[in-house]
Amino acid sequence: MHIRLVSMTLLICSSAWAAPAPDAPAEPAHELALWVPLQLNFVYGHFTTEYSCSGLEARMKSVLLKLGARPDLDVRGYGCTQLTGPDPLAGVKIKMNVLEPAGARPGLGAHWTRVDLLKDRETLEAAADCELIEQVAQKILPLFTVRNVDYNASCQPRNLVPGATRLKADVLVADQRSPPASTAQ
């Protein structure tokens, strides 16, 4: 009886150790996918953090690439009223290609990878991105093939809240060895 109990305890403990951590990278499940062209206007609404047009272009391009957009994307300022400095009406026009599962169609190699949109940001920078991350989660993330989304944006107007913003997800990205074959132009 004592031996069985020890074995059971070992089995329970070993299965707990084997369980992946919540922030563990997604398993490299290979799939076939197709590039799909998308165009949209993204208007950034804010109370706390303003971006210049070039700053919003750069930040959005970084976010889109992390989410798996094809590197030849085009992000341009839209609705800008200032030549320099923060612009209260900053927005971007986006032309990009995103992956979707190929299903029964032939496609290119793709795999799932875990991304954290705020991993490269300092604590206060991440807090300042709260409104942007909130809008990316609502308007941009649904355009990508994602799963296991871990999102929180507890934004307070005109107030930074460190640690209250996160956006992590498993995203479908093209294998590096796959050519950028596309139905897009």
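Observations, loosely collected:
- Index of the failed condition, Val149 passing every other in (1) part of a loop (DSSP other than H, G, I, E, B); (2) in contact with a strand residue (DSSP E or B) (Cβ under 8 Å, 6 or more places away or on another chain); (3) surrounded by fewer than 16 Cβ atoms within 10 Å (Cβ to Cβ): (1)
- The residue that is modelled with the highest pLDDT, among those in segment 152-181 that are closer than 21 Å to Pro71 by Cα and open to solvent by 40 Å² or more (accessible area, probe 1.4 Å), is Gln176.
- Of all residues in segment 55-64, those being more than 17 Å from Glu125 (Cα to Cα) and either hydroxyl-bearing (Ser, Thr, Tyr) or surrounded by fewer than 15 Cβ atoms within 10 Å (Cβ to Cβ) (or both) number 0.
- Enumeration of residues in segment 46-66 that are within 17 Å of Leu118 (Cβ to Cβ) and part of a helix (DSSP H, G or I): Gly55, Leu56, Ala58, Arg59, Met60, Lys61, Ser62, Val63, Leu64, Leu65, Lys66
- Of everything listed in (1) free of Cβ contacts under 8 Å to residues at least 60 places away in the same chain; (2) under 12 Å from the mean Cα position of the chain (by Cα); (3) over 15 Å from Leu56 (Cα atoms), the single unmet condition for Asp150 is (1).
- Residue check for Ala104: of a type in the set (A, V, I, L, M), within 26 Å of Asn148 (Cα to Cα) and without any contact (Cβ under 8 Å) to a residue 40 or more places away in the chain: yes
- Filtered by the rule that a residue be more than 29 Å from Ala153 (Cα to Cα) and either open to solvent by 70 Å² or more (accessible area, probe 1.4 Å) or over 20 Å from the mean Cα position of the chain (by Cα) (or both), segment 28-54 gives His30, Leu32.
The rows are residues; the columns are (1) within 26 Å of Pro37 (Cα to Cα); (2) in contact with a Cys (Cβ under 9 Å, 6 or more places away or on another chain).
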{"residue": "Glu134", "(1), (2)": "yes, yes"}
{"residue": "Ala153", "(1), (2)": "no, yes"}
{"residue": "Leu167", "(1), (2)": "yes, no"}
{"residue": "Leu172", "(1), (2)": "yes, no"}
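- Residue identified as under 16 Å from the mean Cα position of the chain (by Cα) and within 26 Å of Ala58 (Cα to Cα) among Leu124, Leu118, Leu89: Leu118
- For segment 67-99, the set of residues classified as farther than 20 Å from Gln138 by Cβ, open to solvent by 20 Å² or more (accessible area, probe 1.4 Å), touching a residue at least 40 places away in the same chain (Cβ under 8 Å) and assigned to a strand (DSSP E or B) consists of Lys95 only.
- Checking each residue in segment 100-126 for being part of a loop (DSSP other than H, G, I, E, B), out of contact with any Pro (no Cβ under 9 Å at 6 or more places or on another chain) and open to solvent by 20 Å² or more (accessible area, probe 1.4 Å) picks out Gly103, Ala104, Arg105, Pro106, Lys119, Asp120, Arg121, Glu122.
- Which listed residue, of Arg70, Arg4, is among the charged types (D, E, K, R), out of contact with any His (no Cβ under 9 Å at 6 or more places or on another chain) and at pLDDT below 50: Arg4
The values are calculated or read from the model by the stated rules, or taken from the named source; none is laboratory data. All values derive from a computational prediction rather than experimental measurement. Methodologically, a virtual Cβ is constructed for each residue, glycine included, from the backbone with ideal geometry; neighbour enumeration extends over all protein chains shown. These accessible areas exclude ligands, DNA and RNA; they are computed on the full protein's heavy atoms, side chains included. Shrake-Rupley method; radii C 1.70, N 1.55, O 1.52, S 1.80 Å.
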